[in-house]
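For reference, the structure is listed below as structure tokens.
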Amino acid sequence: MKFENFDSRSKWKISRIMAYSVLAVWAFTTVYPFFWVIINSFRVRGEIRSDSFSIPWPWTDSFTLDNYTTAFERSDIFNAYANSLVISACVTLTVVILAGFAAYGMVRYRFKAQKLLYSVVIASMMFPVFSTIIPVFRMEFAWGIANTGKVPLSLLSVILPQIAGNLSFSIIVLMGFIRSLPVELEESAFLDGCSIFKIYFKIVLPVAKPSFATIAIFTFLWSYNDLFTQMFFLRYRDEHTVTMLLNEISSQAGVNYGLMAAAVVLVVVPVLIVYVCLQKNIIKGMTAGAIKG
């Protein structure tokens, strides 16, 4: 028995080492391209083609901050950051509120069109944004909020379709988690005199925080990176977002790879910081609804 236990432990350790080795290689291939972009954003323009893999140390001639200086001089990055944050924050907050109410109602209540409504929510995820952008633009133009030249209205014209595009996924994720919650907690609170809204905010919402955090993070990242919708609705320079500035700098820089690398870093770093700080919530939210109980 001792030898069998020893063999099983040895096999388990070997399999674990192999799994970690594969994950380490995969992580390296994923992280290294971004690391390459960072180091080349500090490199002199003429040396990127000849020597793009060595590290440009600050005390060497290949190190420079001109790429970032040029990026700030050519564009209003702080205004673009403000526009991106306004759009992403409004979209995230609205999606979390609406998806939470919709998911709770579809899970806890029974009504005639429930299955039909669920089918509509699932079906809406199958339509790409490219297929609906023209009618959405015409509708918003008729409302007087698209292509007006006014920054608040232009940002609103981007916020509305992004909310609609994120609702279906968020509702499905929250429904899976709320369905796993024991209904007895809500029944006992209802018998104690709590209203539906009080039950939702005092019982369901605190327990479902991981799933709400998950949809909030995914919605924020998707909204932040949504170049297609932003380019379609934001026509004027003072309305531009960070991703639009990256696209503009990339098209103007040509073979100035250092400037392009600096622009990529300026766009990606804020998103990377958000993801690293909140990655535990993403994992909890995606797995919490998979277990009943």
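The values are calculated or read from the model by the stated rules, or taken from the named source; none is laboratory data. Please read all numbers here as calculations on a predicted model, not as lab measurements. Every residue, glycine among them, receives a Cβ derived from its backbone with ideal geometry; neighbour counts consider all protein chains shown.
General observations
- Here region 171-229 is the region considered, the condition is being of a type in the set (S, T, N, Q) and surrounded by fewer than 15 Cβ atoms within 10 Å (Cβ to Cβ), and the residue that is farthest from the chain's Cα centre (by Cα) is S188.
- The residue that is modelled with the lowest pLDDT, counting only those in region 248-273 that are more than 24 Å from V31 (Cβ to Cβ) and either outside the structural domain of S157 (by TED's automatic domain parsing) or part of a helix (DSSP H, G or I) (or both), is A253.
- Selection count, region 33-86, where residues are assigned by TED's automatic domain parsing to the domain that holds L234, free of Cβ contacts under 8 Å to residues at least 60 places away in the same chain and within 17 Å of V271 (Cβ to Cβ): 3
- The residues on offer are G165, G144, and the sole one that is exposed (fewer than 14 other Cβ atoms within 10 Å of the Cβ) and farther than 22 Å from F201 by Cβ is G144.
- Residue within region 113-123 that is among the charged types (D, E, K, R), surrounded by fewer than 16 Cβ atoms within 10 Å (Cβ to Cβ) and either within 30 Å of I178 (Cα to Cα) or not assigned by TED's automatic domain parsing to the domain that holds F212 (or both) present: yes
- A search for C-beta distances below 7 Å between a residue of region 123-147 that is closer than 15 Å to N166 by Cβ and any residue that is surrounded by 11 or more Cβ atoms within 10 Å (Cβ to Cβ), counting only pairs 6+ apart in sequence or on different chains, returns S124/S168; M125/S168; M125/F169; V129/G165; V129/F228; V129/T229; V136/P161.
- Close pairs from region 183-201: first farther than 15 Å from Y109 by Cα, partner at pLDDT 85 or above and not in a helix (DSSP H, G or I), Cβ under 7 Å, at least 6 apart: none
- So S50, is it within 30 Å of M244 (Cα to Cα) and surrounded by 11 or more Cβ atoms within 10 Å (Cβ to Cβ): no
- Of the set (1) under 21 Å from L272 (Cβ atoms); (2) modelled with pLDDT of 85 or more, all apply to I55 but (2).
- Set side by side, the residues A27, A80, A99 differ, and just one is at pLDDT 90 or above, part of a helix (DSSP H, G or I) and within 22 Å of the chain's Cα centre (by Cα), which is A99.
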